[in-house]
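The values are calculated or read from the model by the stated rules, or taken from the named source; none is laboratory data. If you're wondering where the values come from, they're calculated on a predicted model, not measured in any experiment. With ideal geometry, Cβ positions are generated from the backbone for all residues, glycine too; neighbour counts draw on all protein chains shown. The accessibility values were calculated without ligands, DNA or RNA, using every heavy atom of the protein model including side chains. Shrake-Rupley method; radii C 1.70, N 1.55, O 1.52, S 1.80 Å.
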Amino acid sequence: MPRAFLVVMDSVGIGGAPDAGSYFNGRVPDTGTNTLAHIAEACSEGRADIGRSGPLCLPNLAGLGLGAAVGLASGAHAPGLETQPRGLWGAATETSRGKDTPSGHWELAGLPVPWDWHYFPDEVPAFPDDLTAYVAQVAGTDGVLGNRHASGTMILADLGATHMKTGWPICYTSADSVFQIAAHEESFGLQRLLDLCAAVAPRLHEMNVGRVIARPFVGSPETGFTRTVNRRDYAVAPPAPVLTNWVQEAGRRVHAVGKIGDIFSMTGIDEVRKGTDAELMTHLADLVATAEDGSLTFANFVEFDSLYGHRRDIAGYAAALERFDAGIGTILPMLRPDDLLVLTADHGNDPSWTGTDHTRERVPVLVSGRGAGCLGQVAFADVAASVATHLGVPGQGPGRSFLA
């Protein structure tokens, strides 16, 4: 019985979104953004030689058609990725009104988001008084810190010491539909932070805020502060069945790797494996070796986005792509003849662009296990329909399978 592995390379956009001009970083529209092409250009021009050097080297992804997908999506050229594709390749366009994690993942799983998310204004304070009062009440503190748009690392540098002194949680947001709470794992307590986020999440979800994110950190004012891998997302549950439900309802197993379990509020998921991206690659390899017949493995590799895209670190993003490519290179030979591997993304996060927000882009669709050729322009929801077709389970979304 065939198996499927759906892998999301978080934020690896390839430009060309037809509605990019309606999305912004600050006051600058996303028109012309192209995460992958701009990274490849920087590498070829010697502008990404910190911790790595030379042209972008992605032999396995390029071999599956990544460079060709860039050209299809946007007409751009990605230097170093000119390999003749040996897999199926295409470019997917999102219809949901958002460039955030839940919108992209839900639609890839067959469910375009049926509403507009709530976004907090980029002003100080960012949150209404009744919301911050409620969070402080639940936390058992006299107030909260932050209350603004901020980079997660910068706000720790600004407020980490004050947080440890006062015990007040640090609350902040971004251009995404999120409410993030940062707290020290030791002085505040990890479980206390998770309990706080779980308790306030329903209030935020009623406002159509997509996620409440627990952002635990460690360190001291003397040594600096570092976020840990114990992040947890408390997301709005999908309002209708998605790919994971379709597979599970057919009596199959669903394995979630990375933050997939959080993104889908554990909807239709049997097992979760978490860790750093390096650890997630090990988990993915183990599941390729051991996952049950007929199962779905759904994975998200987030560090492209969280560590490099938002921080506008071109060299770091390029190095992460090269590490990921090497990992995929070890997995491809492990696939069984009837396995399907789909590599895609949920949005862009062009590290060459202004601002720190995601960028509205098309994403690659690379397929191993079903021959070679061009899929053309497809929809995000077509990914779910195609995985369902391969597994022989009924699809319930608007997508159409691109597998013959």
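Residues that are open to solvent by 10 Å² or more (accessible area, probe 1.4 Å) and within 20 Å of LEU307 (Cα to Cα) do occur in segment 140-150. With the condition kept exactly as written, say whether any residue in segment 181-203 is out of contact with any helix residue (DSSP H, G or I) (no Cβ under 9 Å at 6 or more places or on another chain), touching a residue at least 40 places away in the same chain (Cβ under 8 Å), open to solvent by 10 Å² or more (accessible area, probe 1.4 Å) and more than 30 Å from PRO29 (Cα to Cα). Yes - at least one qualifying residue is present in segment 181-203. Yes or no: segment 71-86 includes at least one residue that is within 26 Å of ALA256 (Cα to Cα) and in contact with a strand residue (DSSP E or B) (Cβ under 7 Å, 6 or more places away or on another chain). Looking for residues that are within 26 Å of ALA256 (Cα to Cα) and in contact with a strand residue (DSSP E or B) (Cβ under 7 Å, 6 or more places away or on another chain), one finds none in segment 71-86, hence no.
Annotation: of all residues in segment 329-387 being basic (Lys, Arg) and more than 15 Å from SER401 (Cα to Cα), the one that is most open to solvent (accessible area, probe 1.4 Å) is ARG336.
Scanning segment 115-125 for residues that are over 14 Å from LEU204 (Cα atoms) and open to solvent by less than 80 Å² (accessible area, probe 1.4 Å) turns up TRP115, PRO121, PRO125. Return the residues of segment 14-46 that are touching a Lys or Arg at 6+ places or on another chain (Cβ under 7 Å) and either among the acidic types (Asp, Glu) or closer than 30 Å to ASP286 by Cα (or both); say none if nothing qualifies. ILE14, ASP19, ASP30, listed by residue number. Scanning segment 256-267 for residues that are more than 15 Å from ARG231 (Cβ to Cβ) and open to solvent by 10 Å² or more (accessible area, probe 1.4 Å) yields SER265, MET266, THR267.
Cβ-Cβ contacts under 6 Å between residues 6 or more apart (or on different chains), taken from a first residue in segment 55-71 that is over 13 Å from GLY90 (Cβ atoms) to a second residue that is part of a helix (DSSP H, G or I) and polar (S, T, N, Q), are listed as PRO55/SER44. Among all residues of segment 82-96, there is at least one that is among the charged types (D, E, K, R), under 26 Å from the mean Cα position of the chain (by Cα) and crowded, with 22+ Cβ neighbours inside 10 Å. Taken together, the criteria place ILE314 among residues that are farther than 16 Å from VAL8 by Cα, in contact with a helix residue (DSSP H, G or I) (Cβ under 6 Å, 6 or more places away or on another chain) and either among the aliphatic types (A, V, I, L, M) or modelled with pLDDT under 95 (or both). Scan segment 97-115 for residues that are modelled with pLDDT of 95 or more and in a loop (DSSP other than H, G, I, E, B) and jot them down. Those that are modelled with pLDDT of 95 or more and in a loop (DSSP other than H, G, I, E, B): ALA109, GLY110, LEU111, PRO112. Considering ALA299, ALA285, the condition of being part of a strand (DSSP E or B) and at pLDDT 95 or above is satisfied by ALA299 alone.
TRP246 meets all of the listed conditions (1) in a loop (DSSP other than H, G, I, E, B); (2) closer than 22 Å to VAL387 by Cβ; (3) touching a residue at least 24 places away in the same chain (Cβ under 8 Å); (4) not acidic (Asp, Glu) but one, namely (1).
A quick yes/no check of all residues on (1) in contact (Cβ under 8 Å) with a residue 24 or more places away in the chain; (2) more than 17 Å from THR101 (Cβ to Cβ); (3) not assigned by the TED database to the domain that holds LEU56:
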{"residue": "VAL288", "(1), (2), (3)": "yes, yes, no"}
{"residue": "GLU292", "(1), (2), (3)": "yes, yes, no"}
{"residue": "PHE304", "(1), (2), (3)": "yes, no, no"}
{"residue": "LEU307", "(1), (2), (3)": "no, no, no"}
{"residue": "HIS310", "(1), (2), (3)": "yes, no, no"}
{"residue": "ILE314", "(1), (2), (3)": "yes, yes, no"}
{"residue": "LEU332", "(1), (2), (3)": "yes, yes, no"}
{"residue": "ALA345", "(1), (2), (3)": "yes, no, no"}
{"residue": "THR356", "(1), (2), (3)": "yes, no, no"}
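Applying the criterion of being of a type outside the set (Phe, Trp, Tyr) and at pLDDT 95 or above to the residues of segment 395-404, the residue that is least open to solvent (accessible area, probe 1.4 Å) is GLY399. Here HIS310 qualifies as open to solvent by 50 Å² or more (accessible area, probe 1.4 Å) and at negative phi. In segment 124-152, the qualifying residues are those that are hydrophobic (A, V, I, L, M, F, W, C) and assigned to a loop (DSSP other than H, G, I, E, B), and the one that is nearest to ASP176 (Cα to Cα) is ALA150.
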